[in-house]
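What follows is a single structure, written as C-alpha cells, with notes after it.
The values are calculated or read from the model by the stated rules, or taken from the named source; none is laboratory data. Just so it is clear, the model here is predicted, and its values are computed rather than measured. Note that each Cβ is placed from the backbone with ideal geometry, even for glycine, and that neighbours are counted across all protein chains shown. Just the protein is used for accessible areas: all its heavy atoms, side chains included, with ligands, DNA and RNA removed. Shrake-Rupley method; radii C 1.70, N 1.55, O 1.52, S 1.80 Å.
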Amino acid sequence: MGILHDDVVIINQSKNEAEPSVITINCPDKTGLGCDLCRILLFFGLTIVRGDVSTDGKWCYIVFWVIPKPIIKWDTCRWELLKNRLIGTCPSCSSAFGISYYSSELQSSMVTDVFLIKLFCYDRKGLSHDVTAVFSKLELNIKKLKVSTTPVGTVMNLFFVTDTRELLHTKMRQEETYEALVEVMQAAIISCNIEKVGPEVTACSQASPFLSSAITNDVVLRTSNNVSVTMDNSFSPAHTLVQIVCQDHKGLLYDIMRTLKDYNIQISYGRFYLKQGRKCEIDLFITQADGKKIIDPSMQRALSSRLQMELLQPLRVAVVSRGPDTELLVANPVELSSKGRPLVFHDITLALNMLNTCIFLAEIGRHVIGDQEWEVYRVLLDEGTSLSTPRRKIEEGVWKLLMGWEQI
C-alpha cells in the first residue's frame, strides 16, 4: 500500500490570476503539519483564501485555495519548487502504517548549519531590501543580522543565515549567491565572504532591559479588528469545536496553526473561509494529544486567550526614541520548534523603502519576553530621512505592510 510521490502534493494552477490555484495534500498526519505547511505558503508569498482539512489521526487530506501576490512572478519553476518544499515537510507514507517517519522527525530535531555572509558595499537607497529579496529568492533564511553604516558611505552587512536547500557549504551554491547579489547590487558591492559558523551565534537571550515597553508589554492593538473565539463540546461526541471570526491578515492561518502546534493540539477536521470585506470564519474540530476533548475550563480559557492575542497582535511594532536617535522595533513570537516568522525583515525593509526612510543600523536577536521566545528586529533609522517622515506614519506603514494591509 502507499501513494505515489508526485501524488502527495498536487497543484492545479489557475489560468486566471484573479482565481485561486488549488493545492491538494494527501499524506500521513502528524501534530503541527498544518502549521508547517502554512509556514511554507507564507514564505512563498501566497494568500490562503479558503482551506479544508480532515484526518483520521493517521492520514490527512488538506486542500488550500491560494492566490499569489501580484508583485511575485510565478513561473513553472517556482510552482515546482513550492511543490518540492511541501512534499519535503510531509511525513513519509510508511508512517501511516505503523512505521515511524524517522526522516521527518530527525530533520526537525537536527541542528541546521548556520553561515555568515559578510557583505561590504557602498550605501544606497533600498539596499537592505534588495539584499533580503535576493535571500528570499534563494531560500536563505536570515536568523540574525547586523547592518552598520559608516560615515564614509559604506555598509558592513553581517547576515547569519540557514539554507533551506542545505547546499551553502558547496562552492557552486556560494557562487550562485554571490552572482545573485552582484546582479542586483552591481558596482555597489565591494566584497562578499561566506563562511560556516557555530549555531550558538543565534542562541536566544533574556529580554534586554533596553527593549521598549511597547514591545515587552501586552498593549492594546492599533486597529478596530474584533476577534471572536468560542469553544463548544456539544457539537461532537469526540471533539471540541473551536469557532473563530476575525479580520484577515497576512499569515492568519499560520498564526492559528502555530498556536495549536505549540499547545500540542490535533485538528481532526477544519474549514477556513475568506469572505467579502476580508472577514474570516474558521471552524476547527480539535482534540488534545491524548485524543480527548478539551474539558478543563482553565485549559479552554488559556487556549482561547492565546488564540485571541495571536490574532489581534501577531506582531508588535513601535517607533521609539533611543537617546537622540529614532529606532523601529518589530517583534514576533517564535515557534517552540525555534522557527521564526518568514519574511519579516524583507517586509520591514520594503515598507521603509516605500516610506523613503533609510536604515543606519539593524539587528535581529531572540529574547524571552514573558513565557515566550520572541524574534526582535531593532532598526536605527537614518537621522536625515527619519526626521522628514513622522514616527506615527513609519509605525503605521510598517504595521500595515507586515499585516498585508497595503498600500502605505
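Residue 354 passes every criterion in (1) touching a strand residue (DSSP E or B) at 6+ places or on another chain (Cβ under 6 Å); (2) open to solvent by 10 Å² or more (accessible area, probe 1.4 Å) apart from (1). Quick check on residue 219: is it at pLDDT below 95 and open to solvent by 30 Å² or more (accessible area, probe 1.4 Å)? Yes: the conditions hold for residue 219. Within region 254-308, the residues that satisfy the criterion of being under 15 Å from residue 243 (Cα atoms) and among the aromatic types (Phe, Trp, Tyr) are 269, 272, 273, 285.
Any idea which of 338, 321 is of a type in the set (Ser, Thr, Tyr), under 19 Å from the mean Cα position of the chain (by Cα) and open to solvent by 40 Å² or more (accessible area, probe 1.4 Å)? Step by step, each of 338, 321 is checked, and only 338 is of a type in the set (Ser, Thr, Tyr), under 19 Å from the mean Cα position of the chain (by Cα) and open to solvent by 40 Å² or more (accessible area, probe 1.4 Å). Can you tell me which residue is farthest from residue 45 (Cα to Cα) among those in region 74-87 that are modelled with pLDDT under 90 and not hydrophobic (A, V, I, L, M, F, W, C)? Per the criteria, the residue is 76. Could you check how many residues of region 231-274 are among the small types (Gly, Ala, Ser) and either crowded, with 16+ Cβ neighbours inside 10 Å or under 19 Å from the mean Cα position of the chain (by Cα) (or both)? Number of matching residues: 3.
If you filter region 283-298 down to residues that are more than 18 Å from residue 56 (Cβ to Cβ) and free of Cβ contacts under 8 Å to residues at least 40 places away in the same chain, you find that the one that is surrounded by the most Cβ atoms within 10 Å (Cβ to Cβ) is 296. Looking for whichever is modelled with pLDDT of 95 or more and not in a strand (DSSP E or B) here; the options are 336, 303. Which one fits? The match here is 303. Out of everything in region 137-183 that is in contact with a strand residue (DSSP E or B) (Cβ under 9 Å, 6 or more places away or on another chain) and assigned to a helix (DSSP H, G or I), what residue ends up being most open to solvent (accessible area, probe 1.4 Å)? Restricting to residues being in contact with a strand residue (DSSP E or B) (Cβ under 9 Å, 6 or more places away or on another chain) and assigned to a helix (DSSP H, G or I), the top hit is 178.
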